[in-house]
1. Give me the 1.4 Å probe accessible area per residue for the range 123-242, excluding ligands and nucleic acids, in Å².
2. Hey, what do the phi angles of the range 94-99 turn into as Karplus ³J(HN,Hα) couplings, whole Hz, using 6.51/-1.76/1.60 and θ = phi - 60°, x for Gly and Pro?
3. Relative to the present Cα-Cα distance, how much length would full extension add between V223 and Q90 at 0.36 nm per residue of separation?
4. Measure off 7 Å from each Cα along the Cα-to-Cβ vector at L80 and C14, then give the distance between these two points in nanometres to one decimal.
5. What distance in nm separates the simple spin-label points at L208 and L165, each placed 7 Å from Cα in the Cβ direction?
Amino acid sequence: MSGALASALRCPKCGTGTLAKLATGWTCEQCGFAPFAGREKEKVPPPSPINPRTVDPAGRPFSASDLAADAPPKVRFNSLEKRPEALRVQWMPAGAGLRYASRVSLQTVPPGENVPLELLAHNQGPHPLSLEYYVQLTGRSGVVAVSRVYSGDLPPEGVLDATVLLPPPDDPEGCRVSTYCRALPATGRLQPELQPPGVAPVQGSVSLPVQPTDPDVKFLTSVRCPRCENRMAWVPGGPRRARAWVCDACQHRVETGLLG
């Protein structure tokens, strides 16, 4: 041990012992003096939470209306915008340079709930086009519901990415969703960026070409409780209560409708 280090570790009380770092702190090996015992550690306040939305880049504080809710997602956008996840799908031709795709965002749907269907269309042609979808729900007994989805005009390189809600089928067992899209002449009314296309029921059946990529929808009438493993039943929502899965045994509720 060097002379400077030995002098620094010499006990200031007895002058002969050496300070050693023990579990209780620095302590003299000869007289037991602990020079730092009983001292309170410096209290440092915890860091304040970072809220990047408190002030905008110009230094103006956000108001309550600014923080209330984010803007709804865009339904119509240009294919050059940064939305690559909406373009990685299996496209089907719809004529006049238009291509389309569809997918069920939730493969498992509670009974009596609307079926969410995501519709995508991309106008690759040089002229504006409108379009219409025919959506058919088929169960064990055959066609159970047909809907027509119609949109405004899509400009060249315009993309439609919208989710529509289909009415729940009466016979949900083995439900299959088939879609067919065709291009129509422009109507002069541009599809709004934040408004989904309209949906209207169609009476009777429509002859649609069945595609091998049509999604299946599974309806669950009961699930297992994640807390006690007993049966959970689906309870539709009401004016004062959110829709939820409710356990018959422990009354555990899952109000999102999803069990993961």
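The values are calculated or read from the model by the stated rules, or taken from the named source; none is laboratory data. Values in this document were obtained by computation on a predicted structure and should not be read as measured data. Every residue, glycine as well, gets a Cβ built from its backbone with ideal geometry; the counts of neighbours run over all protein chains shown. The area values use the complete protein model at the heavy-atom level, side chains included, leaving out ligands, DNA and RNA. Shrake-Rupley method; radii C 1.70, N 1.55, O 1.52, S 1.80 Å.
1. Numbers: 6580 Å² over 120 residues.
I get 55 Å² per residue for this part.
2. 3J(HN,Hα) across the range 94-99, in whole Hz: 10, x, 6, x, 9, 10.
3. Numbers: separation 133, 0.36 × 133 = 47.88 nm, distance 3.20 nm.
Going from the current span to full extension adds 44.7 nm.
4. Computed distance between label sites L80 and C14 equals 8.3 nm.
5. It is 2.0 nm.
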